[in-house]
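Report on the structure given below.
The values are calculated or read from the model by the stated rules, or taken from the named source; none is laboratory data. Keep in mind the model is a prediction, meaning the values are calculated, not measured. Every residue, glycine as well, gets a Cβ built from its backbone with ideal geometry; the counts of neighbours run over all protein chains shown. For accessibility, only protein heavy atoms count, side chains too; no ligands or nucleic acids. Shrake-Rupley method; radii C 1.70, N 1.55, O 1.52, S 1.80 Å.
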Amino acid sequence: MSRAVLTTFDDYQKERIKFVQTIAEMARQPQNIEYLQSAGVMGLLRPLLLDKVSSIQQTAALALARLASYSSEIAEAIVSNQVLPQLIDSLSKQNRFYKKAAAYVLKSVAKHSEHLAQCVIDAGALEALVNCLEDFDPNVKEGAAFALACIAKHDNSALAEEVVKAGALERLAVCIQDPETSLKKIATMSLSEIVKHTAELAERLANNPGTLRVLTGNLADRDLELRQHSCTCLANIAKHNEDLAQKVASADLFPKIVDRCLKEEGKEKLQRQAALCFKEIAGRSLSLARMISDVGGVNCIVDYLNKAPGTAKLHAIMTLGYVAGFERDLA
């Protein structure tokens, strides 16, 4: 092949790289979204997802994810332009960088509405995402867990049930034991978005005592956000019925949630989520109310109540009401 031909193709590749990188950078700025959309950026990015140069594929997916994240209209356009099947088909074949970018697209589409989350499911994303939870790269697993959380979070338990049917619950339970803190945080958040919907979904997780002990163990982690997500997840399990609340309380919940969460001065969000967990447990039975009192939970709740601002007091007030309502001694 002559030098002139090689130079032409080389220039073409360089221009594709330059174009897709520029679009991805422009997509960071909300003020550019409308202009990019009106310029037909979707039709230009879609074929680049199949480009023979892997870096172009990855950057095209990243650009689409950023665009979809800002606008539900663009997310709808991604669905209507049949981009999702193309992305999902490549998830099992491409390298870790593409997998992470593709999961980002799926997350950015699914987060907007129940309808778009269902579109992601209908495109066949669940199996591919669940398989990504077993990838060797923690960033790929984190991206998949985040996408699953965005599917399950909507006020429609059927979406969460689809996620569980695909085998996500068991693999997310493994992810919360990973050495990577960022993965543990996202996996815990994803579990919380699943179990909040129904007692049946919560039982699927709570029936494994080892998983509950991992969640309560993470309450003592140094990472503040991991402790917050763990408190929320445990509260979302306990809120459904007495049996689940008992299982959470029996998983070595106390005194970790008292010492490492509720007593953490200046950590308002963490304290609020710890108070939420107390509230969900306290109202379930006399024995659980006594357990909270015996570990010093009532005194800590009172201390928190005296310092918490505004509506942050609500969980603490309800906890004290639940505990006091069972018998005179507790009151």
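Working note: Karplus 6.51/-1.76/1.60 with θ = phi - 60° gives the stretch 72-78 the couplings 5, 5, 5, 4, 4, 5, 4 Hz, where Gly and Pro are set to x. For the pair THR22 and ASP303, label points projected 7 Å from Cα toward Cβ lie 6.0 nm apart. Measuring from centroid to centroid over Cα atoms, what is the spacing of the stretch 121-158 and the stretch 102-116 in Å? Centre-to-centre distance over Cα atoms comes out at 10 Å.
Residue separation of VAL174 and ILE317 scaled by 0.36 nm, minus their Cα-Cα distance, works out to 47.9 nm of gained length. For the chain, the C-alpha radius of gyration sits at 1.18 times the compact-globule guess of 2.2 N^0.38 Å, with N the residue count.
Given axes a ≥ b ≥ c from the Cα gyration tensor, I'd like to know whether the stretch 146-247 is rounded (a/c under 1.5), prolate (a/b larger than b/c) or oblate.
Because a/c hits 1.5 or more and a/b fails to exceed b/c, the stretch 146-247 counts as oblate.
Determine the shape class of the stretch 6-151: with a ≥ b ≥ c the square roots of the Cα gyration tensor eigenvalues, call it rounded for a/c under 1.5, and otherwise prolate if a/b is greater than b/c, oblate otherwise. Verdict is oblate for the stretch 6-151. Using 0.36 nm per residue and subtracting the Cα-Cα separation, the extra length available between GLU127 and ALA331 on full extension is 68.3 nm. Rolling a 1.4 Å probe over the protein heavy atoms gives the chain an accessible area of 46 Å² per residue.
Our estimate of slack between GLU134 and ASP11, defined as 0.36 nm per intervening residue step minus the Cα-Cα distance, is 40.4 nm. Computed 3J(HN,Hα) for the stretch 308-322, one whole-Hz value per residue from the Karplus formula 6.51 cos²θ - 1.76 cosθ + 1.60 where θ = phi - 60°, is 5, x, x, 5, 5, 6, 4, 4, 5, 4, 5, 4, 4, x, 5, glycine and proline marked x.
Each residue, GLU114 and SER80, gets one label point 7 Å from its Cα in the Cβ direction; the gap between the two is 2.2 nm. Each label was represented as a point 7 Å from its Cα along the Cα-to-Cβ direction; for ASN241 and GLU34 these points are 5.2 nm apart.
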